[in-house]
Amino acid sequence: MKLPVLLCISILLLSGCVENSVVDDIQMVTVIGYEKGEDGKIKGIAVAPQFQADGTIQNSVYIEEAEISKEIRSQYNSESPKPFVSGKLQLAIYSREIAEEDGIMELTDTLQRDPFIGSRAFLAISDTDIEKMLSTNFGNADTGHFLHSLLDHNSNYGMLPKTNLHNFFYYYFSEGNDPFLPLITLEEGKVKIAGLALLKEDKMVAELPADDLFTFKILYENFSSNDSFTTDLGNGDHASIYNIASKRNIDLKMLKKNEITIKGKVLGVIKEYTGEELSAKVIDKIEKDMEAEVEAKGREMIKKFQEEGIDPLGLGNAVRSVTRGKFDYDQWKDRYQEVDIKFNMQVVITESGVIE
Amino acid sequence: MICVFQWLRKRQKPDQIKNLPQLIANLKTSGDFLHFKSEQTGMPYFIYYFKTLVNEQELSEKILAPMVKNKVSSLKEVKDTVPIPGIILTDDLSDICEKVMIGYLILRFNENSNECALIPSPTDISRKVSQPEVEFTVVGSKESFVESLDKNLHLIRKRLPVHELKAYEITIGKLTHTKVAVLYLDGITNQENIQIVKDRLKGIHVDQVVDNSVIMQLITDNKNSPFPQLVDTERPDRAASVLCEGKIVILSEGSPQALLGPTTFIEFFSAFEDYFVNWIIASTARLIRIFAVLFSILVTPLYVATLTYHYELIPSDLLSTLVSSRQQIPLPPILEAIFLELSIELLREAGARLPTKVGQTIGIVGGIVIGTASVEAGLTSNVLLIIVALAALASFTTPVYRMGNTIRLIRFPFLLFAHLWGLLGVVLCFCFLLIHLLRLKSLGKPFLEPIYPLRVKDLKDALIRLPNKFQTKRPIQLQTESTVRFEKDKNEFHE
Amino acid sequence: MRDAEVKEQHKISPFLVFYLVHTMQVGVGVMGFQRIVTKEAGNDAWISVLAAGLSLHLIIFLMYKILLKENGDIISVHKNLFGKWLGGFLSWILIIYFIAMSITVLRTYIEVVQVWMFPDLNKWIFGCVFLLLVYYCLSGGFKVVTGISFFGVVLPFYLLLTMAFPLYHGHFRDLLPVLNHSISELYAGAKGASLPYLGFSTLLIYFPFIKDPAKSHRWAQGGHLLTVFMYVVVMVATIAFFSERQLEKTIWATLTTWKIAEMPFVERFEYIGIATWALVILPNMCITVWVAGRGIRRLIKVKQRKATIPILILVLIVNGMLTERGNIDLLNSSISEVGFYMTYIYIPLLFLLQFIVYKVRKLQ
């Protein structure tokens, strides 16, 4: 009885083992960037952190050029002492050039197909040179984790709308939505969020500057944020509000008359006011001024979307959700540009800080 | 039962011994067998006994003195004059042989006849009732069982002064003749359970039974299981308490441990102290112990699985800590883990074998010196060192010592499976464990009860201990003849 | 019919049928049934799932009627209604169906592990270890099988909580407009949705092992109801989480939704989910193999152990020989198809036939 058991165990241990990936024997790619190389090739830049025993982190940057993205991976392996693994990928960056000319789907397909890549990874488009961005060291940190945290906290608590790998595919495959991705730049050794890249299918067609993110976020989703929003009250005074909670509502009741109303309601607390006395009247004025400012920006933005024929706000999907019967997206796309999209803002200031 | 005795008698009587003189001649070959002839009374009489078994002070004061005083001249007179109960007049050789070995002395008048008187006068050399060491509790009784069956029985009878408490006695062990007592409460304990225990005890045919643990191994349901299927305790109060629940207690001569059964898996994680403290504290303690067991079994295998296969699972913030701690270690996680687990086992084993004071030193020296040194030498990562030490600590929280050993043992197959298939391996091994536990029985009753078969009513005193007012019924598992322990309404303060 | 009797000590409490029914339904199907349903019923897929689930309550009711009238298992029913040869033939078909079911379950699970965790997992060795586990369980008798079903329901139940993540990230507008699909689309969806519900038909064989079977009826219905609830939750979460065309491309939607889950101590929940799923698969395998073995034991007079071992070897070999995704898919869909017709057509027919035969016999 004992011998067969031993035999079984040894067979198990000898041949049952699967290929392992011990944490310190692998290169975990945390960021990958794609740029256009020479002769129509794709240049792939991968960063893998090296965790040293003394607690410091160094980032190894691997740069390869190839015809298709799959080839790049095998080239990395030929350069590295340890095998590359993709399970900890946090961010994929595409150059603006690729996003505008070729579209990014070809390069993102592998991210979707590979079961080892998590859905929470970010996709981003870079305005500046990716090679330079990824070669920069951001303190004693793994570049991928650093950039991921940057985007993550900005979309959770800041003005960046929520995006991730899953979201991108959701919008890409959904006919009533168009995807958008954060646009990042490297300025003086620091990575900044420069705005949003708006995509049609998988090609970048427009961008929103960072200043417009607040307005876009109000139009796009319900959120609460710790960031502040400042408005100019004229006569040299400024007021800014923070602790913002925003609710968005798409009103489709007048759809038959070709009218869609987006209602935004923002609750906030005054953080800073440069004027003299913060009376009820002034608060009222701040509310009105903010409403006017955001509404103006929002309407402009919507107009731009309609002109470009993109729908990052998901109005197509919203219209579908109230339309009985089979929804004809082609017909909707023609109609989209003619629809009168209204935007109404309501700002409510709930507190004015701890002083009167 | 009777046939076993006859069988034993047949065995112990050497064929060549036909009469008492021959028997005595045989016994005389032992140096501590004393014999003398006395003529102080009218008739000369002969006394034979083992001086190591007989209380000689009692012999002179209670036996010889009255005999001299009353001038005894026949066996019948001996029985009337000697103030010791239980004197037997017999000529049965096997009876004589048996009794003389347990502290009776032989008295006879006629050197050639088989007729003699057997007078019980055993010495009792055993340790005094002392404090429990394994199951010490801060509050509660400080008595523990000793190596004498009679004293142990006394300790229980003292706590349960009712006539329903029955002690069924049986002698097992061809050479050791160990007296074993099966205790139960008549009218409460399930008859079928008692019968199972009796049958199994009767089925034991070994030469020596030196301890209750031997009995436990011999009557346990599944002998190939690392899990103990009967609880052992050194606390008479615990034994008395489970008797009231309807369980069976097995005591044996020479063993300071009582066996309790039928039991359940969960019972191994309930300390008797749980009943001395408030139910909230007791329940918390039990939950912590259950968690400690799971932690102890699973944490090292999970470490091995995650670090060998599932780097994706590690949160990014933790990743740098883990990777940098492993950076200079040449061994794969499995060897690293086995190395550390084995060192802990070595420390424990060495500590258990050595005298207490040396043992403590070994523990400290081993723990601190070896641990620190192996991290510095780059043999193990400090993260794993912490994990293994915590796992070992957690395994010691199990109140029943035997179960603690089992818990530490079953970690090793988990480690192997974790190395083989990562998390999947851990789950598969867990399935093996689960099926094994499902198949186990304690005296024919399911071992995993009340979880499976799910008996919600029995959960009142399993994973948690509910307050007294919920404890009115005896556990369903024991299928007691009377199910009600007490009536809730009569306890005014339970409102 | 002497060997049809079951000793009292081997019988299980009626309420355990709840777990037996539920655990047999939740298996590999729930990992990716969403795609098949939404293909037909779109965002109304959850209605199809609900409808299919509710309709099966009726089938369970019919099963109980048949079995209670017979007071035995389906093999007795077959023998009683169709005689020894035809009845035996039908019983054999049923047994082959159960064996095929266990092969499907094991092979699909191994496929999932291969795709998601270990691409180079050796399916022979893994299958061998898994089947050893099954054998170890089966040799403990039906009570142990029921026990493992119980744990197979209770322990992985926490996985339902992970559906909170896709619900949190979901776009609930996708569920609107409700009932926007025609009846025929909903029916086609319901047909697809009924597949992960199948498996409770093992009840037909283990029925005599239930103590007080009439009482167990409501537990069987309850177990099924829990499945319906679970599937509807999973379906709603999936519809909200994916866009329609995205879901079409996703083979294992449930596993993909786990990718979004993140907790402070662990990222990437799908690995934990897949590993835990072994605990869901195990009772599935145990019950199907046990049922097949029991069926064979009833048909030809062999010991159940002797019937079980060849079944396990057969499962292992077929499992090892199926290599391509296409074949596995084909096996899955054909088993589902057979199961569908067996449940929706054969059971009601059997009920009618039994009803008539009993009426006729009574008149005579």
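Scanning the stretch A:20-44 for residues that are over 15 Å from A:LEU147 (Cα atoms) and either more than 14 Å from chain B (Cβ to nearest Cβ) or of a type in the set (Val, Ile, Thr) (or both) yields a total of 14.
If you go through the stretch C:235-259 and keep only what is surrounded by fewer than 23 Cβ atoms within 10 Å (Cβ to Cβ), of a type in the set (A, V, I, L, M, F, W, C) and facing another protein chain (nearest Cβ under 7 Å), you end up with nothing. Considering A:ALA296, A:ALA318, the condition of being part of a helix (DSSP H, G or I), within 14 Å of chain C (Cβ to nearest Cβ) and either acidic (Asp, Glu) or closer than 22 Å to A:GLN346 by Cα (or both) is satisfied by A:ALA318 alone. As an exercise: evaluate C:GLU40 against (1) within 26 Å of C:LEU299 (Cβ to Cβ); (2) over 21 Å from the mean Cα position of the chain (by Cα); (3) of a type outside the set (S, T, N, Q) and give the number of the one condition it does not meet. All conditions are met except number (1). Restricting the stretch B:409-420 to residues that are away from chain C (no Cβ under 14 Å) and open to solvent by 10 Å² or more (accessible area, probe 1.4 Å), the residue that is nearest to C:ILE125 (Cα to Cα) is B:PHE412. Here the condition is being open to solvent by less than 10 Å² (accessible area, probe 1.4 Å) and assigned by TED's automatic domain parsing to the domain that holds A:ASN167; of A:THR143, A:THR136, A:THR110, it holds for A:THR143 alone. Per the listing B:VAL134, B:VAL146, the residue uniquely in contact (Cβ under 8 Å) with a residue 24 or more places away in the chain, assigned to a loop (DSSP other than H, G, I, E, B) and crowded, with 18+ Cβ neighbours inside 10 Å is B:VAL146. Against the condition open to solvent by less than 10 Å² (accessible area, probe 1.4 Å), closer than 27 Å to C:TYR271 by Cβ and in contact with a Cys (Cβ under 8 Å, 6 or more places away or on another chain), how does C:ILE110 come out, does it pass? It is false that C:ILE110 is open to solvent by less than 10 Å² (accessible area, probe 1.4 Å), closer than 27 Å to C:TYR271 by Cβ and in contact with a Cys (Cβ under 8 Å, 6 or more places away or on another chain).
Looking only at the stretch B:421-430, count how many residues are more than 9 Å from chain C (Cβ to nearest Cβ) and either within 16 Å of A:VAL22 (Cα to Cα) or of a type in the set (Lys, Arg) (or both).
So the answer is 0.
Per-residue answers, yes or no, for (1) within 14 Å of chain A (Cβ to nearest Cβ); (2) under 30 Å from C:LEU322 (Cβ atoms):
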site	(1), (2)
C:LEU62	no, no
C:LEU67	no, no
C:ILE75	no, yes
C:VAL113	yes, yes
C:LEU121	yes, yes
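Quick check: anything in the stretch B:479-488 in contact with a helix residue (DSSP H, G or I) (Cβ under 9 Å, 6 or more places away or on another chain) and crowded, with 19+ Cβ neighbours inside 10 Å? Yes, the conditions are met somewhere in the stretch B:479-488. For the residues B:ARG411, B:ARG474, B:ARG455, the requirement of being more than 20 Å from C:VAL154 (Cβ to Cβ) and assigned by TED's automatic domain parsing to the domain that holds B:LYS247 singles out B:ARG474.
Every test in (1) surrounded by fewer than 21 Cβ atoms within 10 Å (Cβ to Cβ); (2) aliphatic (A, V, I, L, M); (3) more than 9 Å from every other protein chain (Cβ to nearest Cβ); (4) over 23 Å from C:PHE18 (Cα atoms) is passed by C:ILE125 save one, and that test is (3). The listed residues are C:VAL21, C:VAL17, C:VAL49, and the only one of them that is in a helix (DSSP H, G or I), β-branched (Val, Ile, Thr) and within 14 Å of chain B (Cβ to nearest Cβ) turns out to be C:VAL17. The test for being closer than 18 Å to A:LEU198 by Cα and open to solvent by 10 Å² or more (accessible area, probe 1.4 Å) does not hold for A:ARG120.
Within the stretch A:172-190, the set of residues being within 12 Å of chain C (Cβ to nearest Cβ) and free of Cβ contacts under 8 Å to residues at least 60 places away in the same chain comprises just one member, A:PHE173. Annotation: A:ILE193 fulfils all but one of (1) open to solvent by less than 10 Å² (accessible area, probe 1.4 Å); (2) modelled with pLDDT of 90 or more; the unmet one is (1). Going residue by residue through the stretch B:389-398, is there one that turns out to be surrounded by fewer than 22 Cβ atoms within 10 Å (Cβ to Cβ), of a type outside the set (Lys, Arg) and within 14 Å of another protein chain (Cβ to nearest Cβ)? Within the stretch B:389-398 (the criterion being surrounded by fewer than 22 Cβ atoms within 10 Å (Cβ to Cβ), of a type outside the set (Lys, Arg) and within 14 Å of another protein chain (Cβ to nearest Cβ)), the answer is no, since none of the residues qualifies.
When the stretch C:286-307 is filtered for residues that are in contact with a Phe, Trp or Tyr (Cβ under 7 Å, 6 or more places away or on another chain) and within 26 Å of B:VAL426 (Cα to Cα), the ones remaining, listed by number, are C:THR288, C:TRP290.
For residues that are out of contact with any helix residue (DSSP H, G or I) (no Cβ under 8 Å at 6 or more places or on another chain) and either under 13 Å from A:GLU351 (Cα atoms) or outside any strand (DSSP E or B) (or both), scanning just the stretch A:259-276, find the one that is least open to solvent (accessible area, probe 1.4 Å). Among those residues, the one meeting the criterion is A:GLY268. Within the stretch A:57-85, the set of residues being touching a Phe, Trp or Tyr at 6+ places or on another chain (Cβ under 6 Å) and among the β-branched types (Val, Ile, Thr) comprises A:ILE57 only. Check the stretch B:440-455 and report whether any residue there is open to solvent by 30 Å² or more (accessible area, probe 1.4 Å) and of a type in the set (A, V, I, L, M). Scanning the stretch B:440-455 turns up at least one residue that is open to solvent by 30 Å² or more (accessible area, probe 1.4 Å) and of a type in the set (A, V, I, L, M). Checking each residue in the stretch C:43-70 for being touching a Ser or Thr at 6+ places or on another chain (Cβ under 6 Å) and either open to solvent by less than 10 Å² (accessible area, probe 1.4 Å) or of a type outside the set (Asp, Glu) (or both) picks out C:ALA45, C:ALA52, C:ILE59.
Being of a type outside the set (Val, Ile, Thr), in contact with a Gly (Cβ under 9 Å, 6 or more places away or on another chain) and away from every other protein chain (no Cβ under 14 Å) is a property that A:ASN249 lacks.
In the stretch B:12-130, which strands (runs of 3 or more DSSP E) lie fully inside it and hold 1 or more residues that are open to solvent by less than 30 Å² (accessible area, probe 1.4 Å) and out of contact with any helix residue (DSSP H, G or I) (no Cβ under 9 Å at 6 or more places or on another chain)?
none
Checked against (1) away from chain A (no Cβ under 13 Å); (2) surrounded by fewer than 17 Cβ atoms within 10 Å (Cβ to Cβ); (3) out of contact with any Phe, Trp or Tyr (no Cβ under 9 Å at 6 or more places or on another chain); (4) among the aliphatic types (A, V, I, L, M), C:VAL154 meets all criteria but (3). Within the stretch C:271-289, the set of residues being more than 8 Å from every other protein chain (Cβ to nearest Cβ) and either open to solvent by 10 Å² or more (accessible area, probe 1.4 Å) or not hydrophobic (A, V, I, L, M, F, W, C) (or both) comprises C:GLY273, C:TRP277, C:PRO283, C:ASN284, C:THR288.
The values are calculated or read from the model by the stated rules, or taken from the named source; none is laboratory data. Predicted model, so just to flag it, every value in this text is computed and none were measured. Here the Cβ is made from the backbone with ideal geometry for all residues, glycine too, and neighbour counts use every protein chain on show. Surface areas here come from the heavy atoms of the whole protein model, side chains and all, with no ligands, DNA or RNA. Shrake-Rupley method; radii C 1.70, N 1.55, O 1.52, S 1.80 Å.
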